[in-house]
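I'd like to ask some things about the structure below.
The values are calculated or read from the model by the stated rules, or taken from the named source; none is laboratory data. Keep in mind it's a predicted model, so treat the numbers as computed, not measured. As a convention, Cβ positions derive from the backbone with ideal geometry for all residues, glycine included, and neighbour counts pool all protein chains shown.
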Amino acid sequence: MADETKLKIVVFGAFGAGKSTLIKTLDPLSKHIEANCAGGTTTVALDFGRIQNNGCNIHIYGTPGQERFEFAREIIGRGMDGAILLVDVTSPMDDFTRHLSDSLHEAKVPFVVFLNKCDGSGANPGQFNGQFGSSELQVVSAKDRRQAKDALLRFAGTLTPRPNGHSHA
């Protein structure tokens with residue numbers, strides 16, 4: 001269909017923030033490449049999911065959360081229309097999350113901050129107020145499909161989709 005559009009949204013966040021969970025919640029048929037590590041598994045390449053909404057194909061890519069995978073984040077991020085910075089509010093603000101935020105600001109990529117794990121032990125979402133410049137903060141559980149999808153679609157509605165076939169991703 002010539003009138004269909006496409007958005008590429010990339011999910012960034014520190015190790016354990018819930019990126020893979022968010023994408024699996026949004027698209028139960030999502031693809032995930034992981035490896036075993038201390039404490040369970042970790043994304044080593046990417047997660048990929050998609051959602052269709054009113055003729056718009058939203059492609060959602062999840063990035064690895066370890067600092068050593070900067071090269072993978074750069075490759076996955078090419079051509080993105082917007083980004084989600086997923087933050088685990090049970091942990092204090094860390095240098096890596098600040099680096100991700102600064103990198104998105106420097107690249108002038110529109111992004112929203114999803115505050116995850118607000119129901120977790122030691123959760124302190126208030127500590128993140130004012131930490132991400134003008135980017136909007138939303139409380140979103142990566143495990144709640146309706147909440148995650150509503151937040152994603154609200155953010156997607158602020159972006160300018162490209163016609164299909166003209167992707168630079």
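Assuming residue 103 fulfils every condition listed in (1) surrounded by 13 or more Cβ atoms within 10 Å (Cβ to Cβ); (2) in contact (Cβ under 8 Å) with a residue 24 or more places away in the chain apart from one, which condition is it?
Only one criterion in (1) surrounded by 13 or more Cβ atoms within 10 Å (Cβ to Cβ); (2) in contact (Cβ under 8 Å) with a residue 24 or more places away in the chain is unmet by residue 103, namely (2).
Select from the stretch 132-161 the residues that are within 13 Å of the chain's Cα centre (by Cα) and assigned to a helix (DSSP H, G or I) and write down the one among them that is surrounded by the most Cβ atoms within 10 Å (Cβ to Cβ).
Filtering the stretch 132-161 for residues that are within 13 Å of the chain's Cα centre (by Cα) and assigned to a helix (DSSP H, G or I), the one surrounded by the most Cβ atoms within 10 Å (Cβ to Cβ) comes out as 152.
Of all residues in the stretch 53-107, which are aliphatic (A, V, I, L, M), under 22 Å from residue 134 (Cα atoms) and touching a Pro at 6+ places or on another chain (Cβ under 7 Å)?
Of everything in the stretch 53-107, just one residue is aliphatic (A, V, I, L, M), under 22 Å from residue 134 (Cα atoms) and touching a Pro at 6+ places or on another chain (Cβ under 7 Å), namely 89.
Is there a residue being modelled with pLDDT of 95 or more and small (Gly, Ala, Ser) anywhere in the stretch 128-135?
no
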